[in-house]
Structures are given as C-alpha cells and as structure tokens.
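Below you'll find the structure, written out as structure tokens, and then a few comments.
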Amino acid sequence: MTSTHAPFLVDPLVSTQWLADHLGSESLIVLDASVVELPALDGGPVRLVSGYDLYLFDGHVPGAVFVELLDTGRGLGASSADEVRRGAAAIGVTEQHTLVLYDQMDGRSAERLRAALTGAGYERVALLDGGLGRWRSEARELRFGRPDGSFGA
C-alpha cells in the first residue's frame, strides 16, 4: 500500500520498523550515503572511496537511491546550499519529501548528508537508527544492483 502523504517525523532518528512501515510511500525517499574508509598500508592517511560498489553488491534498503558524497564540486557532496539543492532536485527530492538517510559504515557520511540537506533548507530529514548494519542484522529485505535491477555503471 502506498501513501501520497509525507510520513510524519517526530524525531530526527527513525527506527528500522518505522522505515519498513513507510517504504513505498510516494513522498518518502531513502538515500544511501555510503563512503568507505581505506587505511593506507604504509601508515599514511585514510583514503575515502565511493560506497557505490557496496550499494550494488552488498545490498541496500529497497528503493534506496545511492548518493555520491565524494563529488564535492557539485550535487549533494557540495558545500554550497544552492549546489546541494540542485543535486537534490536532480534525483527528484523536493521540500515535500520525507528523507531517510543511512550509510553502510558508522553513520558519519549519512550525518554529513543530513547536515548538508538541513543547511540547504530541507526540514523532513532523518537518519536511520543503526544504519544499514541494523537493517541487515534484523534480516530485513535487501535489494542488490541498481533500481532497474542491473549491475552496470
């Protein structure tokens, strides 16, 4: 059953049950903001890489859209509120949507995206409590590949 009304957020943190109950709502957009930290073998600084491969091959919340945060020059990885709004609009986000964000690591990249979106004026933004790790540990449904089911670039 889908609903056209935006799911109501009472807290900036939503449970996996809340998300499962609202999946399919036309006004809900789930964003996977995964970034992977790779330690340098020589003891140098940690390198950040896109979490897109995790999204494709390790799975994601059904219907989740992957957001590339490492492209800081434009879109949702940008520091300018105008660029964040343009990036959000490019994936169909409007101020009427309720957004739930998660990542596959420790929540830092999802929180970074939450700060960018709220800083750009979006008010209906929440983090998934426990991220994808909790979703997975509760044996909730995962999808693999892109939304169209393919695994290509």
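The values are calculated or read from the model by the stated rules, or taken from the named source; none is laboratory data. Quantities reported herein were computed from a predicted structural model and do not represent experimental measurements. We place every Cβ from the backbone using ideal geometry, glycine too, and count neighbours over all the protein chains shown. Surface areas here come from the heavy atoms of the whole protein model, side chains and all, with no ligands, DNA or RNA. Shrake-Rupley method; radii C 1.70, N 1.55, O 1.52, S 1.80 Å.
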I need the full set of residues from region 34-44 which are free of Cβ contacts under 8 Å to residues at least 12 places away in the same chain and either outside any loop (DSSP other than H, G, I, E, B) or surrounded by 13 or more Cβ atoms within 10 Å (Cβ to Cβ) (or both), in order please. 38
Does residue 7 satisfy being at pLDDT below 90 and either open to solvent by 70 Å² or more (accessible area, probe 1.4 Å) or of a type in the set (Asp, Glu) (or both)? no
Note: among 143, 136, 112, just one is within 14 Å of residue 69 (Cα to Cα) and among the charged types (D, E, K, R), namely 112
Within region 45-140, considering only strands (runs of 3 or more DSSP E) that don't extend past its boundaries, which have at least 3 residues that are over 12 Å from the mean Cα position of the chain (by Cα) and surrounded by fewer than 19 Cβ atoms within 10 Å (Cβ to Cβ)? 47-50
Under 9 Å by Cβ, and 6 or more places apart or on different chains, what pairs join a residue from region 118-138 that is free of Cβ contacts under 8 Å to residues at least 12 places away in the same chain with one that is of a type in the set (A, V, I, L, M)? 118/125
